[in-house]
1. Across region 151-183, which residue is nearest to THR39 (Cα to Cα) among those that are open to solvent by 30 Å² or more (accessible area, probe 1.4 Å) and not in a loop (DSSP other than H, G, I, E, B)?
2. What is the one condition in (1) touching a residue at least 24 places away in the same chain (Cβ under 8 Å); (2) over 20 Å from ILE8 (Cα atoms); (3) open to solvent by 60 Å² or more (accessible area, probe 1.4 Å) that LEU86 does not satisfy?
3. Given the residues LYS135, LYS144, which is the only one that is within 30 Å of ASP46 (Cα to Cα), buried (at least 16 other Cβ atoms within 10 Å of the Cβ) and of a type in the set (Lys, Arg)?
4. Search region 50-63 for residues being open to solvent by 10 Å² or more (accessible area, probe 1.4 Å) and in a loop (DSSP other than H, G, I, E, B), and hand back the single one that is nearest to ASN109 (Cα to Cα).
5. Among the residues of region 7-21, how many are open to solvent by 70 Å² or more (accessible area, probe 1.4 Å) and part of a helix (DSSP H, G or I)?
6. For residues that are hydroxyl-bearing (Ser, Thr, Tyr) and buried (at least 18 other Cβ atoms within 10 Å of the Cβ), tally how many sit in region 89-132.
7. Test VAL125 against the criterion of being at pLDDT 90 or above and in contact with a strand residue (DSSP E or B) (Cβ under 6 Å, 6 or more places away or on another chain), and give yes or no.
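The values are calculated or read from the model by the stated rules, or taken from the named source; none is laboratory data. Being a predicted model, the structure only gives us computed values, none of them experimental. No Cβ is skipped: glycine too gets one built from the backbone with ideal geometry, and neighbour counts run over all protein chains shown. Accessible surface areas use protein heavy atoms only, side chains included; no ligands, DNA or RNA. Shrake-Rupley method; radii C 1.70, N 1.55, O 1.52, S 1.80 Å.
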Amino acid sequence: VGAELFCIGTELGRVVEQRPAFWNRLIDSVKNNYRGKITYAANWDDYYKVPFWKKLDYIGIDAYFPLMNKKTPSVKEVADAWKKYLPSLEKISLKYNRQILFTEYGYRNADACTAEPWKENSSSVNNTAQTNAYKGFYSTFAGKAWFAGGYLWKWYGEDRSDRQNEVDYTPQGKPAMEVMNDFYKLSAPR
């Protein structure tokens with residue numbers, strides 16, 4: 001009660017492909033019982049296969065797109081790497097007349113955090129890589145009319161400022177937190 005957005009499923013690519021009638025019935029049932037916005041969270045590598053985007057309010061994507069395998073990418077390198085995905089993201093947004101909502105996005109403060117962002121395959125602390133990944137991300141998507149925003153992975157309920165040497169997705173207590181503070185100050189309505 002009171003939720004503004006409901007996600008009907010997450011990363012169920014094969015099930016979505018094999019059972020479209022089930023998903024259409026599910027969406028209709030949710031709409032009959034819920035008045036808020038509705039999305040589905042497709043994985044970054046199969047969002048273009050989802051057949052029911054037109055029935056939802058947003059095209060939801062868990063945005064762990066592989067960008068580059070570099071220990072510490074620069075902000076420009078991250079932004080440039082995102083450019084290969086922008087045409088297909090914009091195209092699907094236009095095709096279904098829906099904004100894209102990143103139902104998850106995030107980078108660990110580890111070496112090569114943009115190579116395969118969904119993997120926890122490095123335990124080497126690299127706060128600069130995480131900071132640059134977020135700066136490149138925000139500079140790429142800020143101002144895109146077809147982009148609705150996203151949900152950051154991962155945020156903890158307790159506030160700790162001593163996470164700088166812990167490898168994790170959260171920007172809390174790390175230099176990347178300043179990037180977010182700056183970005184949201186700039187994009188806040190005035």
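1. TYR151
2. Of everything listed in (1) touching a residue at least 24 places away in the same chain (Cβ under 8 Å); (2) over 20 Å from ILE8 (Cα atoms); (3) open to solvent by 60 Å² or more (accessible area, probe 1.4 Å), LEU86 misses just condition (3).
3. Unique residue meeting the criteria: LYS135.
4. Checked region 50-63; the qualifying residue nearest to ASN109 (Cα to Cα) is ASP57.
5. Residues flagged as open to solvent by 70 Å² or more (accessible area, probe 1.4 Å) and part of a helix (DSSP H, G or I) within region 7-21 amount to 3.
6. Just the residues of region 89-132 that are hydroxyl-bearing (Ser, Thr, Tyr), to begin with: 93, 96, 103, 105, 107, 114, 122-124, 128, 131.
Restricting the remaining residues to those that are buried (at least 18 other Cβ atoms within 10 Å of the Cβ) gives 93, 103, 105, 107, 114, 122, 131.
Result for region 89-132: 7.
7. Values: at pLDDT 90 or above: yes; in contact with a strand residue (DSSP E or B) (Cβ under 6 Å, 6 or more places away or on another chain): no.
Judged against the criteria, VAL125 is not a match.
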